[in-house]
Amino acid sequence: MQRRQFLAVTASAPLAAAPAPPNVVLIYCDDLGYGDLGCYGSAIPTPNLDRLAAEGVRFTHFYSANPVCSPSRAALLTGRYPTRVGVSRVFFPADKVGLARDEQTLADLLKARGYATMCVGKWHLGHLPEYLPTSRGFDEYFGIPYSNDMNPRLMLKGTEAVEQQAVLETITPRYTEQAVGFIERNKAKPFFLYMPHTYPHIPLAASERFRGKSKQGLYGDVLQELDWSVGEVLAALKKNGLDKNTLVMFSSDNGPWFQGSPGKLRGRKGQTYEGGVRVPFLARWPGKIPAGRVLDAIGSTMDLLPTIAGLSGAKLPAKPLDGVDIWPLLSGQKKDHTREALLYFDNWDLQCARLGPWKLHVGRYNSFIYGPAPSTGRVNLRLRPPELYHLVTDPDESFDVAAKFPDIVRDLESRIAKALPGFPAEVQKAWRDTDGRDTAPSEPGRLPRIKG
Ligand code: MG
């Protein structure tokens, strides 16, 4: 073909249509346990979430990056360990801080890609205007900027308080109304709806329609209202013809607190035992994610940013990510993947590492009163020797097999030693401080002390 002919052919050929970036709906519950959904073995019926699982993929080893609220959200929205992004602990209304301003959120990336973006629900990454969702990539915000047990319980629209003490009973239906309205308004262009529910974090409340409905107490009623809300969002997608171009994901920020079930896992919110950090994860995208699969592969909420960025064509942040793109798992191309050891932090303290079926515990909080007042409360203590659990044969971390598998212990210890220098100074200081504590009292009842 002559050059002139070639140019004529290529000029007249229609441009190959790039696949439209999918809409993304990310529903995130607060303190919902691994065992709280019907599809994860709960006695509380959750038919809409069970349908979401049946029409998509359900993970059985999916992790929040932290066992409490604010750090979990920081990891979800940045794809990085929360200790890297300035969020080591839960924020309170008196705090003047938030998610580090130089971090990019998933909403920032999608907004730059042309998405309409909205956050409906509990934010908890800083309540001052520069930290609120509307300064972090979201066009719109409606919700309570922190937990429902904190005061004043402001309900914000954008950055303005529309209620000084949000009425607890109607929170879920109001969030649902906002979410459905956003979908309706933006059905013609790609959108990102981030819906971090306030519940089932305490204090619990359900609307009149759901009170007493579950026959499993108020916690069950609250869960059923959350399940109803998911059903309403799915119905809005269907009604607007958006099912085939919308990726819906569902998860939780940490394990259950006072009520709720971690399933057969050990531990609850605030602990780095599995019950504190392993959470439900469901993903559905008809035609793209095969229906009815259950995956045992290890996934993390930190994986969602790189995965969604890849699907939407959004540019990744300049800073290195800790999450990995799990689209090959979601789409059914792969059943499992290899990844670097997953680290479990609480506050600045690195407490565990997981690789394949193995989990090594190297530190743990103790509730001893420690040292002279006012330095009381939780203290991180090094486990000497560390404890090793095989999470497939021993899911509730009951049988320490470190003595039987010294090579596995050494491998995980060396991975921790290699990873630590890449973390902020606070993490390394916490590690040294823990190391300096005596964790082997010789007399029963003697409190741990600082060595030397
Ligand atoms: Mg929480």
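No value in this document is a laboratory result; all are computed from the given coordinates. Since this is a predicted model, take the numbers as computed values, not measurements. Methodologically, a virtual Cβ is constructed for each residue, glycine included, from the backbone with ideal geometry; neighbour enumeration extends over all protein chains shown.
Percent antiparallel among DSSP beta bridges with both residues in the chain, to the nearest 5?
Numbers: 31 of 56 bridges.
Taking every DSSP beta bridge within the chain, about 55 percent pair in antiparallel fashion.
If you take the beta carbon distance between Glu184 and Lys315 as r and set R0 to 25 Å, what does 1/(1 + (r/R0)^6) give as a FRET efficiency, to the nearest 0.05? Before the final figure, lay out the partial values.
Working: r = 29 Å, r/R0 = 1.15.
Plugging the Cβ-Cβ distance into 1/(1 + (r/R0)^6) gives 0.30.
Let's see if you can work this out: charge +1 on each Lys and Arg Cβ, -1 on each Asp and Glu Cβ, no other charges. What is the dipole magnitude of region 342-436 about its Cα centre, in debye to the nearest 20? Let's see the in-between values first.
On the way: 12 positive and 13 negative charges, 46 e Å.
Computed about the Cα centre, the dipole is about 220 debye.
Which peptide among 279-289, 108-118 comes first, and what is the full order, when sorted by highest mean count of other Cβ atoms within 10 Å? Before the final figure, lay out each step's value.
On the way: 279-289: 22.6, 108-118: 20.6.
Listed from highest to lowest mean packing, they are 279-289, 108-118.
Please enumerate, by chain and number, the aspartates and glutamates with C-alpha under 15 Å from the C-alpha of Lys96, excluding those fewer than 8 residues away in the same chain.
List returned: Glu130.
In Å³ and rounded to a whole number, note down the convex hull volume per residue for the Cα atoms of region 342-436.
Working: hull volume 10.0 nm³, N = 95.
It is 106 Å³ per residue.
Once you keep just the Cα pairs under 8 angstrom separated by 6 or more residues, what percentage relative contact order results for the chain? Can you show the working numbers first?
On the way: 1003 pairs, mean separation 91.7, N = 452.
Rounded, it is 20 percent for the chain.
Pull up all non-local amide H partners of Leu156: gap of 5 or more, or a different chain, and H-to-H distance under 5 Å with H placed in the peptide plane.
Hits under the 5 Å cutoff: Gly143, Ile144, Val162.
By how many degrees, 0 to 90 and rounded to 10, does the Cα axis of helix 425-435 deviate from the longest principal axis of the chain?
Compared with the principal axis, the helix lies near 30 degrees.
Under a Cβ-only charge scheme (Lys and Arg +1, Asp and Glu -1), can you give me the dipole magnitude of region 41-169 about the Cα centre, in debye to the nearest 20? Intermediate values should be presented prior to the final figure.
Numbers: 14 positive and 13 negative charges, 76 e Å.
Result for region 41-169 is approximately 360 debye, rounded to the nearest 20.
Amide H of Gly299: which non-local residues (sequence gap of 5 or more, or other chain) have their own amide H closer than 5 Å, using H built in the peptide plane?
For Gly299, whose amide H was placed from the backbone, the distant partners under 5 Å are His61, Phe62, Tyr63.
If one computes P(r) from the Cα atoms of region 23-330, what percent of pairs lie at distances over 27 Å? Numbers along the way, then the final one.
Details: 15997 of 47278 pairs.
When all Cα pairs of region 23-330 are counted, 34 percent exceed 27 Å.
May I have the pair-distance distribution P(r) for region 225-341, computed from all Cα-Cα distances with 5 Å bins from 0 and rounded to whole percent?
Each 5 Å bin holds this share of Cα pairs: 2, 9, 16, 19, 20, 17, 11, 5, 0.
Could you give me the ³J(HN,Hα) list for region 237-243, computed from phi with Karplus coefficients 6.51, -1.76, 1.60 and θ = phi - 60°, whole Hz, x at Gly and Pro?
Karplus values, whole Hz, x for Gly and Pro: 5, 5, 4, 9, x, 9, 3.
Explain nothing, just the number: dipole magnitude of the chain about its Cα centre with +1 on each Lys and Arg Cβ and -1 on each Asp and Glu Cβ, in debye rounded to the nearest 20.
Working: 56 positive and 47 negative charges, 200 e Å.
Roughly 960 debye, rounded to the nearest 20.
If amide hydrogens are placed 1.01 Å from N in the peptide plane, which non-local residues have theirs closer than 5 Å to the one on Ile27?
Met195, Met249, Phe250, Ser251
For labels at Lys244 and Phe399 in the simple 7 Å Cα→Cβ model, what's the distance in nm?
It works out to 5.1 nm between the two label points.
Of the peptides 218-228, 148-158, 171-181, how do they stack up when ordered by the mean number of other Cβ atoms within 10 Å, highest first? Kindly include the intermediate steps, with their values, before the conclusion.
Values: 218-228: 24.2, 148-158: 16.1, 171-181: 20.4.
Going by the mean number of other Cβ atoms within 10 Å, highest first, we get 218-228, 171-181, 148-158.
Just to confirm the number: angle between the C-alpha axis of helix 171-185 and the first principal axis of the chain, 0 to 90 degrees, nearest 10?
The two axes meet at around 30 degrees.
To the nearest whole percent, what portion of all C-alpha pairs in region 288-339 is separated by more than 12 angstrom? Mind dumping the intermediate values first?
On the way: 857 of 1326 pairs.
Taking all Cα-Cα pairs of region 288-339, the fraction more than 12 Å apart is 65 percent.
Cα to Cα, under 17 Å, and not fewer than 8 places away if on the same chain: which lysines meet these conditions relative to Lys239?
Lys187, Lys189
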